[in-house]
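What follows is a set of notes on a single structure, which appears directly below.
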Amino acid sequence: QKQLAESGGGLVQAGGSLRLSCAASERTFIFSAYTMGWFRQAPGKERELVAAISRSGGSTNLADSVKGRFTISRDNAKKTVYLQMDSLKPEDTAVYYCAADAHVPIITGARGVDYWGKGTLVTVSS
């Protein structure tokens, strides 16, 4: 059964903004037990970590390529993690995946990820 579901992707012009959401779809999913992250993967490229957030939301990390433009946040009551993307660039075009990891304080890579969403496509046109 699916555990995470992303939404909010779409087509946007360079310089525009999108807000991605990733929600736990099952009532039994203990969302607060997982540190969460956002990865992205462009065609022909490896999946890369974009942003990560601790279980309480008190700590976040962003990839250098998106620092200053993206913000990750979470609402444990809603079992949802967000990725606010501003000043989008064509190189941000990718399928964005959310991930949940019960093993580490904050996600630093794909190793140990317990659950993945199926992805949402973000296309930034020039």
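Please determine, by comparing only the residues of the range 69-82 that are assigned to a loop (DSSP other than H, G, I, E, B) and out of contact with any Ser or Thr (no Cβ under 8 Å at 6 or more places or on another chain), which one is nearest to I30 (Cα to Cα).
Within the range 69-82, the match that is nearest to I30 (Cα to Cα) is K79.
So is A100 farther than 19 Å from K118 by Cβ and aliphatic (A, V, I, L, M) or not?
no
Hey, among the residues in the range 37-47 that are in a loop (DSSP other than H, G, I, E, B) and not small (G, A, S), which one's least open to solvent (accessible area, probe 1.4 Å)? Write out each step before concluding.
Step one: of the range 37-47, the residues in a loop (DSSP other than H, G, I, E, B) are 42-47.
The next check asks that each one be not small (G, A, S); those that pass are 43, 45-47.
Values: P43: 124, K45: 129, E46: 159, R47: 90 Å².
Looking at the filtered set, the residue picked out is R47.
Residues to consider are A51, A24, A14, A42; find the one that is touching a Phe, Trp or Tyr at 6+ places or on another chain (Cβ under 6 Å), over 20 Å from R111 (Cβ atoms) and of a type in the set (A, V, I, L, M).
Step by step, each of A51, A24, A14, A42 is checked, and only A24 is touching a Phe, Trp or Tyr at 6+ places or on another chain (Cβ under 6 Å), over 20 Å from R111 (Cβ atoms) and of a type in the set (A, V, I, L, M).
Taking V50 and the conditions (1) open to solvent by 20 Å² or more (accessible area, probe 1.4 Å); (2) in a strand (DSSP E or B), which numbered condition does it fall short on, given that it satisfies the others?
That leaves (1) as the condition not met.
Of the residues Y115, Y34, which single one is touching a strand residue (DSSP E or B) at 6+ places or on another chain (Cβ under 7 Å), within 16 Å of L4 (Cα to Cα) and open to solvent by 70 Å² or more (accessible area, probe 1.4 Å)? Outline the logic, then answer.
On the way: Y34 fails: open to solvent by 70 Å² or more (accessible area, probe 1.4 Å).
Being touching a strand residue (DSSP E or B) at 6+ places or on another chain (Cβ under 7 Å), within 16 Å of L4 (Cα to Cα) and open to solvent by 70 Å² or more (accessible area, probe 1.4 Å) holds for just one of Y115, Y34, which is Y115.
Quick one: in the range 19-31, of everything that is in contact with a Gly (Cβ under 6 Å, 6 or more places away or on another chain) and not hydroxyl-bearing (S, T, Y), which residue is most open to solvent (accessible area, probe 1.4 Å)? Reasoning before the result, please.
Within the range 19-31, the subset in contact with a Gly (Cβ under 6 Å, 6 or more places away or on another chain) is 19-22.
Retained after the next criterion (residues that are not hydroxyl-bearing (S, T, Y)): 19-20, 22.
Details: R19: 127, L20: 0, C22: 0 Å².
Among those residues, the one meeting the criterion is R19.
For the range 59-75, does any single residue satisfy the condition of being open to solvent by 60 Å² or more (accessible area, probe 1.4 Å), closer than 22 Å to V124 by Cα, touching a strand residue (DSSP E or B) at 6+ places or on another chain (Cβ under 6 Å) and of a type in the set (S, T, Y)?
Yes; the residues of the range 59-75 include at least one that is open to solvent by 60 Å² or more (accessible area, probe 1.4 Å), closer than 22 Å to V124 by Cα, touching a strand residue (DSSP E or B) at 6+ places or on another chain (Cβ under 6 Å) and of a type in the set (S, T, Y).
What is the number of the single condition among (1) over 13 Å from the mean Cα position of the chain (by Cα); (2) in a strand (DSSP E or B); (3) not small (G, A, S) that D64 does not meet?
(2)
Could you grab me the full set of residues in the range 5-16 that are under 11 Å from the mean Cα position of the chain (by Cα) and open to solvent by less than 30 Å² (accessible area, probe 1.4 Å)?
Once the filter is applied, which keeps residues that are under 11 Å from the mean Cα position of the chain (by Cα) and open to solvent by less than 30 Å² (accessible area, probe 1.4 Å), the range 5-16 yields only E6.
What's the number of the only condition in (1) farther than 18 Å from L4 by Cα; (2) open to solvent by 50 Å² or more (accessible area, probe 1.4 Å); (3) outside any strand (DSSP E or B) that H103 fails to meet?
(1)
Consider the range 105-126. How many of its residues are charged (D, E, K, R), within 17 Å of A42 (Cβ to Cβ) and more than 12 Å from the chain's Cα centre (by Cα)?
0
The values are calculated or read from the model by the stated rules, or taken from the named source; none is laboratory data. Keep in mind that what you see is a predicted model, and the values were worked out from it rather than measured. Cβ coordinates were reconstructed from backbone atoms using ideal geometry, including for glycine residues, and neighbour counts include every protein chain displayed. To get the accessible areas, we keep the full protein, side chains included, count just its heavy atoms, and leave off ligands, DNA and RNA. Shrake-Rupley method; radii C 1.70, N 1.55, O 1.52, S 1.80 Å.
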